[in-house]
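What follows draws every value from the coordinates through simple rules; no lab data is involved. All of these numbers come straight from a predicted model, not from anything done at the bench. Because the Cβ atoms are built from the backbone with ideal geometry, glycine has one as well, and the counts that use them run over all protein chains shown.
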Amino acid sequence: MLYIISISLLFSLVASQPTPCCQSKMVGEVNYTLVTYMDTSEWGCKENCVYAAEDGGNVCFKTGELPVTCQESSGGGGWPQEPQVESNYTARGEMVDLDPNMKGYLVGSGQKVVIWSTDIFGITGENSKRRRTKEWADFLAEEGDYTVLVPDWFRGNNMPFMSFDPMWVTQVTNWTRIESDWKNVVLPYLETNMTGPLSIGLIGTCWGSYPVVLLSRFNNIKCGISMHPSHSGLINLAGQSESEVLSQIVAPQLFMVEGIAVIPTDNYKAGGLADEILGDEITFEEFNDMKHGWTVGGDLSDPDVVRDVEKAKKLALEFFAKYL
C-alpha cells in the first residue's frame, strides 16, 4: 500500500546501492514506468526509485493505502525510458577486434574518422538489435565519406537483455576505464590502421553522450555531437562535476535534444548550463515532437519521426563537414 509523492525531479543520480525496483508498477489505477534512481529520503519515500506517470511528471512512493502491482514487463523500464525497435538492417561494415577483449563496428574508408558512442543498448549482444546504430554508422560513412568506428565501451558487459539494471549503469559509466580504452586501445587502433594524420569527430546517443563530452576535452578531437543526451545525470552518477567537465571541453559541440523529455532538464538547451559555459562553441537543436531515443529507436512508421530522423542526419553531416 503506497501514497504517491510528486517530485520536482533534479536530474541527478546517486552511486549508492539502490533498492530493487519494479520496471513498471500499477498504483491504484495508474501505471508508472521506472525512469531513474536517486536519493528520495527528503520526501520520505520507501525506495530510491523514481517513476514517470502516464500523464507526465515524476513520482516516488511511500507506504500508503493504494493497491500496488509490480509489473516486470518484457519491454522493461529504463533510464531514461527508451523506445525499442527490431532492426532487420543488413550492416555494410564489420565487427573488428580492437584488442583481444574489445570489439568495435567499423565501416567506411575515408581519411576522417567518426567515433560513435552507443546508448545503453550497445553494439554487441541481443540488445543492439533494438537499435539502428549500424544503419546510422553506414549512413555517415557513405554520405560523409568517413571511416566510422563504434567501440564497444562496455567490453561485452552488456545491459541484461530486455531489462534495466542501475548497478550496470554505474559499472559502465567509468571514466577511468573509458579514458584508458581510448588512449590504449581505440586511438592506437586508429593510428595503426589509418594513413596520414588523424582528424576525429565524435557522436553519441543517450549514454553515449557521456564519452562524447568527456573525450571532447582532448586536443585531438575536432567536434562532438550528442543526440538525446544523458551525460548530465551520468556525470553526477560518476561523482564528477558537470560544470567542471563542460569548462574543459575544447571541441565545438552540437546537442540535438528531444522536446518531450521524461526527465526534463535545461542543461542541454539554449540558456542552460552548457550554453552558459561553452557559449559560441555549442549549437542546440530541439526536436519538439520527439521523445528520448528517437534517432536510433523511434517508430519509423510515424512520419514525424521519419522527418526528424532525416533532419538529425542532415544536421550531423553539416556539423561534421564544418568542423571535421
(request) Pop a pseudo-label 7 angstrom from the Cα along the beta-carbon direction at both GLN111 and SER180 and give the gap in nm to one decimal. (result) 3.6 nm
(request) Under 28 Å Cα to Cα from LYS62, which lysines show up? Leave out anything in the same chain fewer than 8 places away. (result) LYS25, LYS46
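Name the shape class, rounded, prolate or oblate, that the alpha-carbon gyration tensor gives for the stretch 89-151, where a ≥ b ≥ c are the square roots of its eigenvalues, rounded holds for a/c under 1.5, and otherwise prolate holds if a/b is larger than b/c and oblate otherwise. Walk me through the numbers on the way to the answer.
On the way: a/c = 1.92, a/b = 1.28, b/c = 1.50.
Taking the square roots of the gyration eigenvalues as a ≥ b ≥ c, the stretch 89-151 is oblate.
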(request) Convert each backbone phi in the stretch 299-313 into a coupling constant with the Karplus relation 6.51 cos²θ - 1.76 cosθ + 1.60 (shift: θ = phi - 60°), then list the ³J(HN,Hα) values in order as whole Hz, x for Gly and Pro. (result) 7, 6, 7, 8, x, 5, 5, 4, 4, 7, 5, 5, 5, 4, 5
(message) Can you compute the label reach from ASN101? Point 7 Å from Cα along the Cβ direction, backbone N cut-off under 15 Å, restricted to the stretch 117-158.
(response) 152-158
(request) Using a/c under 1.5 as the rounded threshold, could you call the stretch 99-226 rounded, prolate or oblate? The axes a ≥ b ≥ c are square roots of the C-alpha gyration tensor eigenvalues, and prolate needs a/b larger than b/c, oblate otherwise. (result) prolate
(message) Through the Karplus equation 6.51 cos²θ - 1.76 cosθ + 1.60, θ set to phi - 60°, convert the phi angles of the stretch 224-237 into ³J(HN,Hα) values in whole Hz; use x for Gly and Pro.
(response) x, 10, 10, 10, 5, x, 9, 5, 4, x, 5, 4, 5, 4
(request) Rounded to whole Hz and in sequence order, give me ³J(HN,Hα) for the stretch 134-146 from the Karplus expression 6.51 cos²θ - 1.76 cosθ + 1.60, θ = phi - 60°, writing x for Gly and Pro. (result) 5, 4, 5, 4, 4, 4, 5, 5, 6, 6, x, 6, 10
(message) Which lysines, if any, have their Cα less than 28 Å from the Cα of LYS311, not counting same-chain residues under 8 positions apart?
(response) LYS112, LYS129, LYS134, LYS222, LYS269, LYS291, LYS322
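Let me make sure I get this right: for the stretch 207-298, a, b and c are the square roots of the gyration tensor eigenvalues over alpha carbons, sorted descending. Under 1.5 in a/c it's rounded, otherwise prolate if a/b > b/c, else oblate. Which is it?
Values: a/c = 1.55, a/b = 1.45, b/c = 1.07.
It comes out prolate by the Cα gyration axes.
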